[in-house]
Every structure is written in structure tokens, then in C-alpha cells.
1. Residue check: is residue 202 among the aromatic types (Phe, Trp, Tyr), at pLDDT 95 or above, within 23 Å of the chain's Cα centre (by Cα) and within 21 Å of residue 85 (Cα to Cα)?
2. Are there helices (runs of 4 or more DSSP H) fully within the stretch 103-207 with at least 3 residues that are farther than 21 Å from residue 277 by Cβ and in contact (Cβ under 8 Å) with a residue 12 or more places away in the chain? List them.
3. Please state which one of 95, 126 is under 17 Å from the mean Cα position of the chain (by Cα), modelled with pLDDT of 95 or more and closer than 17 Å to residue 153 by Cβ.
4. Among the residues of the stretch 250-277, which ones are more than 30 Å from residue 105 (Cα to Cα), assigned to a loop (DSSP other than H, G, I, E, B) and of a type in the set (Gly, Ala, Ser)?
Amino acid sequence: MDDQEQGKRIKLEKGQTASLAELDPAQLTSSIPIESDPAQIMSNSLVEIDAAKTASSSPAEPDKASATSLCPLELVLLRHGHTQWNKERRYLGSSDLPLLPEERDRLAAHRELSELTGDFWRVYCSDLLRCRETLAAAAPSLEARAVYDSRLREMSFGEWEGCNYEQLSDNPLYRSWIDDPAAVTPPGGEAWTAFAARLQQFLTDLLQEAGLSTICCPDPQREDGQTSSQAAVLQQNERQKLRVLIVTHGGVIRHLLAKTQPGVTFRTAIAPPPGTAAVIQLQ
């Protein structure tokens, strides 16, 4: 995808495949062409929240489980803007590079995009500098509310960070990692299972918090003269969608798309171009 596609929502193409040459680190950041999809290590379905865990076990609160049902979520996944290594098509990973100077003005022009306007229930951001700077440029009014979470970092590529594909293509360990990243870890880098586990935990925590939220779940005991049963009938129609902004990295976005979109794997998921967003609806 080229820069003309900035600001557009990502369209997922089921069954899409990509050659090794097409999956370069500048475009997809965590660009691992996967033959045996490592996203299958974990369940392809979105983690389900056990009502027994989100509700009190106290017999004095028998109705709390129904009052804490999961609210609809909209995840706005904003990828950080371009860095020098993006421009040079190098693996960034956990390296903490700033944005290119010209990126701040480009991102500032995105403040009126529909994906970034309106109210957000929660704002999360990778704690790496390029994501912090992206949030500051694209949505400065949300900075004070942001939770900077290291679980949203890109996968660490260890000794391979700063390298491009051409520099690594003859390395047998790198070739093995490309063939099966679940079985091979970059020297000094992060294992696939650790990367997937921290993102799974982030999703689980987010869904649990949404399940406990009362924002979209009105109290059946109303003050407008309606009975509890009448309120319960109307409750579903009054539920408000909880919007969540997540400023993060290409590999993280691809993993979240693979975890939440039917028929999409990490290999076929397409990260948005730097500085633009993908949107996920969770019911």
C-alpha cells in the first residue's frame, strides 16, 4: 500500500497470500511470512469473558452478572508514523526511534479523520517514542488520558533490529525464523509465544474492564416511571458503543486483526500504512 491510502480504513481480503518479497519490514513492521500460521498458537476466536469471573460471587448480589454484560467495542488501531528506519525498510522492533521531523505536520492533518474524532472511552498507547509522538501529533487532546502500556510494543527482533531483508536473507537462522517463527527466536529477541501472550493479556484485561463498565448498561431501576421489566426490554437499545483508541505498531495491529476477524491470520492481515488507522467492531 502506498501513501495515497493514508486515512482510509483497511479492507481485509480473505485468503490473501503474500510472497517473502512482498512482506518487507517498512510496510508491515513485524513482517513475518508465515507458512504454519503462528497466530494459530492461540485461539483464533476473541477471548471470551467468563461471566462468573466478571461478576461477584457474593450471594448478596445475584443480579450483578447480568448487569455487567460485555458492551459493544470499537477498537481504533492507529499505527505510528514514519521513522527513519521505516523509510530505509529496516526492522524497528523494540528500538526506540523518533518520528521523522516532517511526520508531525502530516499527522496533525489527520486530526479531523472520522476515526480520530468523537468520544473515546479509553486511550492506550505503546510506550515507545514513535507512538507517543504519533498520539501527540494526531490526537493531542487525548494525551492526558492515555495509558502508556509496554504490552503494546512491537515484537523485539533482537540483533536483527536495524537490518533489512537483504542483509539477513542469507542467514540460516533468519530463514528458519521466517519458516516457523513460533519455533525460532531472533538472537536476543522476543519469542513469538511471549509476544502473543502479552497481547492476549491486554485484550483480556480490556474486555474484562468493558464487561464491568456501566456506561452502556443502564440501571434497570429507572426514575422515569418505567418498571424494571420495561427497562430491561429497552436496555439493549440504549447500550452505547465503547470506543477505544490504541496507538501501536504494525505487527501488533496484524495480530489483533488475526485474533478478532474471522478468516484472517497474521500472515494475511494487512497493517494500515504508518500514520493511519484500522477499525475493529466487537459485539
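The values are calculated or read from the model by the stated rules, or taken from the named source; none is laboratory data. Because the structure is a prediction, the values reported are computed rather than measured. For neighbour counting, all protein chains shown are included, and Cβ atoms are generated from backbone atoms with ideal geometry for every residue, glycine included.
1. Numbers: among the aromatic types (Phe, Trp, Tyr): yes; at pLDDT 95 or above: yes; within 23 Å of the chain's Cα centre (by Cα): yes; within 21 Å of residue 85 (Cα to Cα): no.
No, not satisfied.
2. Correct list: 172-179.
3. Details: 95 fails: under 17 Å from the mean Cα position of the chain (by Cα).
Exactly one residue qualifies, and that residue is 126.
4. So the first thing to find is which residues in the stretch 250-277 are more than 30 Å from residue 105 (Cα to Cα), and the list is 258-268.
This time we only want the ones that are assigned to a loop (DSSP other than H, G, I, E, B), so: 261-268.
Of everything in the stretch 250-277, just one residue is more than 30 Å from residue 105 (Cα to Cα), assigned to a loop (DSSP other than H, G, I, E, B) and of a type in the set (Gly, Ala, Ser), namely 263.
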